[in-house]
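Here is the structure we will look at.
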Amino acid sequence: MDSIWESKERSLKRRIRLDRSSEELGQQGYRRVICNDPQANAPFNYRGNSISTTKYNLFTFLPKGLFEQFRRVANVYFLFVAILSLAPFSAVQSVTNIFPLVLVLSISLSKEAFEDWRRFKNDRKINSSFVEVLEGDTWVQTTWSKLVVGSIVKIKSKEYFPADMLLLSSSNDEGLCYIETSNLDGESNLKTRRALENTWKYATPYEARNFRGEIHCEHPNDLLYTFTGNLVMDEETFPISTEQILLRGCSLQNTSWIIGIVTFTGHETKVMMNALNVPSKRSRLDKKIDILIYFLFGMLFVMSMIGGISCVLFINPQLWYLELQIDTGDIFSASPKAMVGVLMTLSLITLYNTIIPVSLYVSIEIIKFFQSTQFINKDLNMYHEETNMGAQARTSNLNDELGQVEYIFSDKTGTLTQNVMEFCMCSIGGIIYGSSLSDDQRSDTYGMRIPSEQLHVNRPKCEFYEKGFNFCDQRLMGGAWRNEENPEVCKEFFRCLAVCHSALPDEESTSKEINYQVSSPDEAALVVAAKNLGFFFHRRTTTSVIVRESHVQGLGSIQDVEYKILNVLEFSSSRKRQSVICAHPSGQLILYCKGADTAIYQRLEDNKSPIAVATWNHLRKFASEGLRTLCVAYRFLDFSMYQSWNAMFQEARSSLTDREQRIHQVAELIEEQLILLGCVAIEDKLQDGVPTCIHTLLQAGIKIWVLTGDKMETAINVGYAACGLIDANRRQLVISSDTKGDSTEVEIKDWVKQNLVFYLEDGKEHRITNGNNTTLVIDGKCLEYALESDLHESFFELSCQCFSVICCRVTPLQKAQVTTLIRYNARKVTLSIGDGANDVSMIQAAHIGVAVRGQEGMQAVMASDFAISQFRFLTDLLLVHGRLSYVRISKVVTYFFYKNILLTLTQFWFTLFCGYSSTNFYDDWYQSLYNVLFTSLPVFAIGIFDQDVSPKISKQCPQLYKTGIENLYFRWQLLGRWLFFSIFQSFIIFYFSILTGFSGKRLGKILGQWDVGTLAFSSVVIAVNFRLLIGNSFLTLWHFASILGSFVVWIIFLIFYTSIYSIWDFEENVYGQLLVPISTLDFWFILCLSPVAVLAADLAFEGFQRIFMPYDYQIIQDEELSPTGRNDQQLSKGLRAWLLQPS
Amino acid sequence: MASRNPTNPNHASSSQPANSRETNPQPRILLRKPKYNRFTQQELPGCRPFLTPQWIITIFMLVGVIFIPIGVGALLASRSVVEIVHRYETECIPEIHRINKLAYIQNDSISKDCSKVLKVQKHMKAPIYIYYQLDHFYQNHRRYVKSRSNEQLLYGLRDNSTKSSCGPETNSNGVPIVPCGLIAWSLFNDTYKFSLFEDIELHVNKTNIAWKSDREHKFGKKVYPFNFQNGSLIGGAKLDPSVPLSDQEDLIVWMRISALPTFRKLYGRIEVDLEADDYITVEIQNNYNTYSFGGKKSLVLSTTSWLGGKNDTLGKAYVVTGILCILLAVVFFLSHIIMPSRFDPKNISGHKYDTVDQ
């Protein structure tokens, strides 16, 4: 049981927020931490470092836990009924109404208690871990819980940081340390943190003791990747950024020790702030169940009202044997008739309580738990050898939702593709290097109508192949570039690749073995490319990058060149570029910049130069081959100009408000007048099985949208390659800002508007003649306007007409916006799948978030509901598990609905025959155990074992998935049918049972009301259990066992219960009640007749529907699974042919 | 700056990470390869029954073939039962009193004797069961059903406490009543005496008319009626205070409440055969008030078959169900022939995904 609750919890805790709002700091002042003086911080009332992640404590457990439980409608109802049943007018013994509620609540509460106990133990363990704190001039061991803000602590290698800390110094001379952040974001690569230069010296207790300073920083928040603050020392202010912050939850690696100052403790640390409870997603079916329960409420009230009103009209003093004129304090003595009506209505509510299935939620929870832990997590089809991981259901709430997905929003890089980047072509100074795909290969890849894995040719491996490098051009390799037309450009180009990055070499090693720690795989590909081209980046110090360069003039001679890194202007998805300002040993200041073409071309000194124009064409060419491109540019900087800029930059860096934004603004100032060197093309291979998977999903009726940050050409190309989201036979609508060149925003907006209107009109005609086969391609800039409030409706309308939509150059926010647009306008189930941090918002925005475990860390996984290792496993996840889960849960719910109405209605009919009074037809205990004992086993059999078609078939016939999309198993019509049948059947059972109560039996004796009730109840139990067998197309031993088990339980219960004599019963009790009816033949006759008569109706309906109006799944069941069982072999072949035909 | 790290005096870069994958086992959960298991792989064996027309027709025919004979048998058994039903609630009131039946029945000074002659139509084999049948009498009304004390019926007045559940017939004149409650209070009190051809008395056996379990386990052998029918309102029959409740079979029968407002209750047995065309004189003591609520009263003499008393409905239910099943089988058979089966892949909707208009 553990892992699923655990993962559920984790999914709640680890929602990582991406938005960065630094306004708070400005608005609410700042936090002051006086260092090395715990007492001085006392006035601020900072919280201690002990944490408690438990939801409850000993005293709050019951009230709080119960409160949580009573947020469920059914539980509230049962509480209401339980309270009603304590009143004197209750028709049933209160204990029998309280019992099921208590049972259900205690199951849920013990689950909660168990989880909380584990959390508590875990907390206690963490709180009592030891840490070394500076006291006086010695390090003293103390527990984590006693740590306070402002104290100085020492952490040794491999230890975890007990709180958020400011790094003062480390065993490293330059205040450097390495940390691992996998607890925070799951990324296992090491990250560096560097202390401020001024604090390096506080490295021993004697020195640290004298450290005086004050930290002014932001208030506690949950943003993991930002930090704004200043360290004030000796009236000097030094900016602090995330570079100096060590977060709780991370661990120290590869560094002997560090010394730090505690800034945030306990629940104020970022990791704990991130542990806020995010409301969990609920599936649409769950919400529909609520509606169903409201409907049942309605039905209950109507039935009770009918009884109540009729009762008033019925009671009449002429029925002298009731002595209504005498007040006995019960319902019928209530003097005003209206009172009698009200009380009788309430009394009937207690009597009809069985209509609300109290155990429904618990049953569904248990079933879903099984589905996710036993089926999804253990499915061998979704197990990936390379990563040694299977699928992981991080929440079990959404299993059934997986069976109803209609829109998939997919990221491209790392999701559709492997995210194994290989440098394969480049364009330097307007000349293309590297081999492109031959025409043959290309037509193979993109020309075929049915895409398949074999046909998709990845680029052949070249001579010098190395991971990340698949480039071969004799003009550049082995130093040959010196003889090229423009060696200086080549040199700068390679230098840029070798210098402008944030990679970290693993250790001193030779060029063959070196391994880089990188944040994204394309960065590694570029560094590796530079290495292979003669610019070997092999060491990074805190201030410089050391590159082993082959000399420009002398072939073969090698020299280590140290580039002093002055500033790093980091990559971000909004900037789309990264720059490094470095000083060549010669003293020359250079800015190297690499980034997306749009970002670079805007900032070129001359973007109409021949090189720029040629490169622009090359970019298009690369992109059309499905390659990712990056532009490379540089700029020489004037020293004085740099200095004035640097001053601004430092100011921006130490600003306390809007720091990010300011840094961006300042960066803009220097990233201009760039000189274009060329561009690189990186290949990102498609993952195995992606085309087949997408093809299958399309057949299943799912619409697939690709949302990518890549260029339009790349995206369209992947659209071709992966699966024919686009192909030659489909119409392509392109809405792109590029076609308009340099336009103002208003113009673009008009352009988008025109396009949308035009395509919409055009599309209507087109669709009539050609069907729905249009693909819409839109880029980020146009999308921005298309998503605005006045246009988003037409955009939505247009996208609905399209077979597929590809959005390129979109930001993470836009991904989420698109998802949200469809989610709320189409009101269809949406699924987002992605692998990187940029997909997190989209994953959270959709109904279901699926993460592909990839190269880009665990952020997506942390935010997701399901995690898989390969995109292709989506087929199994949706078509097999989602579909089956949907079918099962739907069946369980409708079955619950049916069986409870059936039982309650028999009681209702009886009410009509007993003077509209609330006399029980059944013994109280029969009723209250009906849901939890006598009919619960089949529910689990359906929920866990049922298959309408086998998993194999549901993958072979993706069309079957439409049952979920069209919600065939849980439509209101279907519920209406079940309702009709339960009304009809309850009447039959009631009528047949009551028949036995009239005539004389053996020895002339007559059966009483309780005998008749027992008979009717037995008939209901039999009918309801056997109902399972009808129309169910898959029956395992467990199905039979569950039915048999239910009977056995009922019989055993009956035997025991009727042999207990209780004098406390108000009415004639059921003691000895079993022997009387079973000694009569009538009992057995009716017991055989009622269920058969009842189920014959079901059988007739099911059979008729199945034979003459079959659903798709029924045709396929019949055709594919029992070809020999049918005399018509031809049809079976027909089906196979149909399955194989190309779409 | 002086080095502070004695082990690595000169290399600042020595603290660069070694191969991080080796030194840091990744803390994320590594799911090992799941073991093959038919349950988790959802490959449990099972049968896949299909509701083919053949199957449905077979099932319905089978049910029909089994049920119709059973039904016919039950019907025959029921028909073999000879039953004389004599409704008397109006006949037994003298003509002059029929204007106000209620006044008549409530007037104790008028004799309620009523003599009727019944003709036996067919041979009636002993035992012949005597029932009384009431109509519009809601024994199953909640107020009525609850008004009893099982404890008192079995153990008597153990602690002299009155039974609240017995309201409104708990006490009479401040003294608890045994047996208390509306059910006992309203005990049926018409009596019948039978004689053949007016002179030969037919003995009515009134023992063993209640279920054994009731007699033995629910009504005390040492509990005697006490203070019963002593109140201002007399409900029904009085009980002999010297006979324990377990032997008061009329009461026991009456207290096994009926499921429907129209019901029969066993009155006794005649243990001699009656021949066709015999005349039976019944002396009815018409005491019980059904007039205030317009209920009927009937006297029923009935033989039994192997299945019990006359109950055509049971047989009919079987026959009707059987016939319906056979009809369904025929309908399925015909429509299977006439209508083409839609079990054809062509009928699978969404044949081509790209032509589906959402």
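The values are calculated or read from the model by the stated rules, or taken from the named source; none is laboratory data. Computed from a prediction, not measured in an experiment: that's the story for all the values here. All Cβ positions, even for glycine, are placed from backbone atoms using ideal geometry, and neighbour counts span all protein chains on display. The protein model used for the area step is the full one, side chains on, heavy atoms only, and it has no ligands, DNA or RNA in it. Shrake-Rupley method; radii C 1.70, N 1.55, O 1.52, S 1.80 Å.
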Got a number for the accessible area of A:E236? Probe 1.4 Å, square angstrom, nearest 10. 100
Report, please, the projected area of region A:857-960 averaged over directions, based on the convex hull of its C-alpha atoms, in nm². 10.3
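With the contact rule set at Cα under 8 Å and sequence spacing of 6 or more, what percent relative contact order holds for chain A? The partial results should precede the final answer.
Working: 2105 pairs, mean separation 136.5, N = 1143.
That works out to 12 percent.
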If you consider only alpha-carbon coordinates, what radius of gyration and Dmax does region A:924-1029 have, in Å? 19.6, 65
Treating only Lys and Arg (+1) and Asp and Glu (-1) as charged, each at its beta carbon, one finds that region A:897-1055 has a dipole about its Cα centre, in Debye to the nearest 20, of 320
Förster radius 35 Å - calculated FRET efficiency between B:Q121 and A:I983 (Cβ-Cβ, nearest 0.05): 0.25
What residues have an amide H closer than 5 Å to that of B:S172, excluding those fewer than 5 places away on the same chain, when H is modeled at 1.01 Å from N in the peptide plane? B:I177
Nearest 10, in degrees from 0 to 90: the angle of helix A:360-370 to the longest Cα principal axis of chain A is 50
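What number comes out for the charge environment of A:S359, summing +1 per Lys or Arg and -1 per Asp or Glu over other residues with Cβ under 15 Å away?
Net charge in that neighbourhood comes out at +3.
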How much accessible surface area, in Å² rounded to 10, belongs to the heavy atoms of A:V1048 with a 1.4 Å probe? 70
Nearest 10 degrees, 0 to 90: helix A:2-13 Cα axis against chain A principal axis: 60
Measuring from centroid to centroid over Cα atoms, what is the spacing of region A:632-653 and region A:60-96 in Å? 70
Give or take rounding to whole Å, what are the principal axis extents of the alpha carbon atoms in region B:33-182, in descending order? 92, 55, 33
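Quick check on chain A: helices-only [θ] at 222 nm, where DSSP H runs of length 4 and up contribute -39,500 (n - 2.57) each and the sum goes over total residues. Nearest 500, please. Could the numbers behind the result be given before it?
Details: 38 runs with 484 residues, N = 1143.
That comes out to -13500 deg cm²/dmol.
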Accessible surface of A:S435 in the full protein assembly, 1.4 angstrom probe, to the nearest 10 Å²? 70
Dipole of the protein assembly as shown (Lys/Arg Cβ +1, Asp/Glu Cβ -1, origin at the Cα centre): which of B:V272, A:A74, A:V312 lies farthest to the positive side? B:V272
Projected area averaged over all directions for the convex hull of the alpha carbon atoms of region A:166-323, nm², comes out at 19.1
Grab the Cα-Cα distance for A:V95 and A:N316, subtract it from 0.36 nm times how many residues apart they are, and report the gain in nm with one decimal. 76.4 nm
The protein assembly as shown: Rg/Rh from Cα coordinates, Kirkwood Rh? 1.11
Under unit Cβ charges (Lys, Arg +1; Asp, Glu -1), what dipole magnitude, rounded to 20 debye, does the protein assembly as shown have relative to its Cα centre? 2680
Picking from A:G915, A:A1016, A:L1037, whose Cα lies most toward the positive end of the charge dipole for region A:908-1053 (charges on Cβ: Lys, Arg +1; Asp, Glu -1)? A:L1037
Degrees, to the nearest 10: A:284-314 long Cα axis against longest axis of chain A: 20
Reported to two decimal places, what Rg/Rh ratio describes region B:262-311 when computed on Cα atoms with Rh from the Kirkwood expression? 1.00
Relative contact order for region B:211-267 using alpha-carbon pairs under 8 Å, separation at least 6, rounded to a whole percent? 35
Send over the per residue convex hull volume for region A:303-393, Cα only, as a whole number of Å³. 131
So, R0 is 51 Å and r is the distance between the beta-carbons of A:D234 and A:T387; what FRET efficiency does that work out to, to 0.05? 0.45
Quick check: Cα centre of region A:326-397 to Cα centre of region B:245-275, how many Å? 45
Roughly what would the spin-label model give for B:E283 and B:N173, points 7 Å off Cα along C-beta, in nm? 3.1
Once both labels are modelled 7 Å past Cα along the beta-carbon direction, what's the A:Q732-A:E207 spacing in nm? 6.3
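Ordering A:W925, B:W254 by accessible area with a probe of 1.4 Å, largest first, what comes out?
Details: A:W925 60, B:W254 0 Å².
I get A:W925, B:W254, largest accessible area first.
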Computed magnitude of the charge dipole of region B:161-212 (debye, nearest 20; Cβ of K, R +1, Cβ of D, E -1): 380
Approximate spin-label separation B:I338-A:Q650, in nm, with each point projected 7 Å along Cα-to-Cβ: 9.7
Roughly how many whole Å is it from the C-alpha centroid of region A:809-850 to that of region B:40-117? 65
Taking a label point 7 Å from the Cα of A:M1109 along the Cα→Cβ vector, which residues of region B:43-64 have an amide N closer than 13 Å to it? none
Percentage relative contact order, region A:855-1013, counting C-alpha pairs under 8 Å, at least six apart: 35
Inverse mean reciprocal Cα-Cα distance (Kirkwood Rh) of region A:470-629, Å: 16.6
Which order do you get for B:M255, A:M1109, A:M272 if you rank them by accessible area with a 1.4 Å probe, largest at the top? A:M1109, A:M272, B:M255
Signed unit charges on C-beta, dipole axis of chain A, positive-most listed residue A:L1089, A:P505, A:C582: A:L1089
Convex hull volume of region A:357-400 per residue (C-alpha atoms, cubic angstrom): 60
Bridge type composition, chain A - antiparallel percent by DSSP, nearest 5: 75
